[in-house]
Amino acid sequence: MMRRRSFLKSSLLGSGALLDTPTALSAPAAKASPQFPKGFLWGAATASYQVEGAWNADGKGESIWDRFAHTPGKIRDGSTGDVACDQYRRFHEDISIMKRLNLKSYRFSTSWPRVQPSGRGAVNAKGLDYYSRLVDALLEAGIRPFCTLYHWDLPQALEDLGGWPNRDLADYFADFAAVLARRLGDRLTVWAPFNMPWTFTRNGYGGTSLPPGRNDLGLALKAAHTVNLAQGNAFRAIKAASPKATVGSAYGTEPMYPKTNSEADRAAAARCHAFRNLYFLNTAMHGDYSKAAFPGEIPYEAMGFREGDGSTMKVPLDWIGIHYYLRLLVSAVPTAKAPAGASIDPLAGIRIELANEGPRTDGGLEVWPAAFYDLLMQFTRGYSSPVLEITETGCAYNDAPDAGGRIADQRRIAFYRDHLKQLARAMADGAKVRAYHAWTLLDNFEWQHGYANRMGLTYVDFATQRRTIKDSGCWYGRVAATNRVQE
Ligand code: IFM
């Protein structure tokens, strides 16, 4: 039987200051045209399944996303990522777009089944070689390659063994990380083991919107625990193979505001922050789960926690990667039933709602730049000013080419301008941010929404694969060239 854990001293340890209720939120005027420090890295991000295509080329194995998208009814427009942006074959063209946008960092992810078709054992030389050629071409263009090892495309063969709830995957993942780090680690130094681990464990195993859609909260807890072990294992495997590697994270983070000023709602917002934003960070930093994340005792048994797991999870991440897309309003659960527009997370005993005071993107998300500042300051205060990378922010606007072929996506320009001003404000107030990655370089396969949501700085005509840089891409390119937010 597992020994009693020594809990973190304070229930809010590591969570940073609490955020105020939305009514108390004012967005101080952000400085016009702020200047960013010399050497700041302007970048863009993508993910393998969303852009590569070539789903079964050159020995690649099937992923859970191939299986999911090939299942009728799973993707809104009935599409798949079989071809996507065909980046597997067109990466040189995409790197020339990055050069035209003056980008200095490209965050891409590696497809595990392209490198190891069954997720363990035999390596597919052609798949591995693809990433090596991509890295060489990026370096040649003066762009820092940033590798996310896992952005949701698990080899189907591993899902057939139980998927992430099977803790053996923590070891298979370490082997995968070692294969990549041995091959690329002489040239590539920036690694994130996982993208948005909370999202793919919670929604893939505890829900149905993402594959494998197992819809069992117990499996979600187990999956998340395996991922915490895998994160620690990957950190060590990468560092062992590549001494110059820096290993961080790419967490999906959302500022959580108490819905009202009541004690109960404030406590719920703090718990939601610990549960969703810090679940994979506190385990790395402290080698234990935080009691702050749960309404009662930490459910170690349900997770499948074993003696020694704490030291497996504990690794000193070199930097923290943060995504920002939306803010949430959190309240204590008054009844078992969520009102319309809200959802209850029984694992954390909280009720969450999307805030909706601001304008909406075409994807339906509220635009609220000031919360980006709050989030950055929350991490800055909560972790003694760590080095931060903005691993994603972005917006869906479906502007089409006009008669002359130009994509005048003014709303995307306004989105980035306002968010970058808040970023500059946070940096002036002490946030140590060294890079910003726009989501995303190209319109691409937006998961269960298919191609319906266009989030790129570059327009892709999916019938011809023709790329056209949007007005927002040109604008972002000027920001990158001058290090200054353009009006
Ligand atoms: O497209 C996704 C990405 O894969 C993960 N973060 C959010 C993006 C936009 O929805």
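The values are calculated or read from the model by the stated rules, or taken from the named source; none is laboratory data. Being a predicted model, the structure only gives us computed values, none of them experimental. Note that each Cβ is placed from the backbone with ideal geometry, even for glycine, and that neighbours are counted across all protein chains shown. With ligands, DNA and RNA removed, areas are computed over all heavy atoms of the protein, side chains included. Shrake-Rupley method; radii C 1.70, N 1.55, O 1.52, S 1.80 Å.
Checking the a/c ratio against 1.5 first, then a/b against b/c, what shape does the Cα gyration tensor give for the range 51-180? Here the range 51-180 falls in the oblate category. As a length-normalised measure over Cα pairs under 8 Å and 6 or more apart, the relative contact order of the chain settles at 20 percent. Protein heavy-atom accessible surface, 1.4 Å probe, per residue over the chain: 36 Å². Of the beta bridges in the chain, as assigned by DSSP with both residues counted there, near 30 percent are antiparallel.
For the chain, excluding the exposed loop sites themselves (trypsin sites (Lys or Arg not before Pro), DSSP loop, at most 13 other Cβ atoms within 10 Å), the longest remaining stretch covers 39-243. The charge dipole of the range 287-394, taken about the Cα centre with unit charges on the Cβ atoms of Lys, Arg (+1) and Asp, Glu (-1), comes to about 240 debye, rounded to the nearest 20. Multiplying the residue separation of ASP216 and ARG67 by 0.36 nm and subtracting their alpha-carbon distance yields 51.7 nm.
Counting only protein heavy atoms and using a 1.4 Å probe, the accessible area of VAL387 comes to about 50 Å². Each Lys or Arg adds one and each Asp or Glu subtracts one; over the other residues with Cβ under 12 Å from the Cβ of TRP198, this totals 0.
Sort the range 153-262 into rounded, prolate or oblate with this rule: let a ≥ b ≥ c be the square roots of the eigenvalues of the Cα gyration tensor; rounded if a/c is under 1.5, and if a/c is not under 1.5, prolate when a/b is larger than b/c, oblate otherwise. Oblate, because a/c is 1.5 or more while a/b does not exceed b/c.
Between ASP86 and GLY53, the built amide H atoms are under 5 Å apart, and every one of these is 5 or more places off in sequence or on another chain.
Determine the calculated [θ] at 222 nm for the chain from helices alone, applying -39500 (n - 2.57) to every DSSP H run no shorter than 4 residues and normalising by the residue count; nearest 500 deg cm²/dmol. Counting only the DSSP helices, I get -10000 deg cm²/dmol.
Measuring nothing but protein heavy atoms, the accessible surface of the chain at 1.4 Å probe radius is 51 percent carbon and sulfur. Looking at the range 254-345, the GluC sites (Glu not before Pro) that sit in a DSSP loop and have at most 14 other Cβ atoms within 10 Å of their own Cβ are GLU297, GLU307. For ALA250, the residues whose amide H sits under 5 Å from its own are PHE194, MET196, GLY321, ignoring neighbours fewer than 5 places away on the same chain, with H placed 1.01 Å from N. Listed by chain and number, the lysines whose alpha-carbon sits under 17 Å from that of LYS38, ignoring those within fewer than 8 places in the same chain, are LYS104, LYS421, LYS432.
For the range 328-487, just say rounded, prolate or oblate: build the C-alpha gyration tensor, square-root its eigenvalues into a ≥ b ≥ c, call rounded for a/c under 1.5, and beyond that prolate if a/b exceeds b/c, oblate if not. Since a/c reaches 1.5 but b/c is at least a/b, the shape of the range 328-487 is classed as oblate.
With K and R counted +1 and D and E -1, the other residues having a Cβ less than 10 Å from that of GLY477 yield a net charge of +3.
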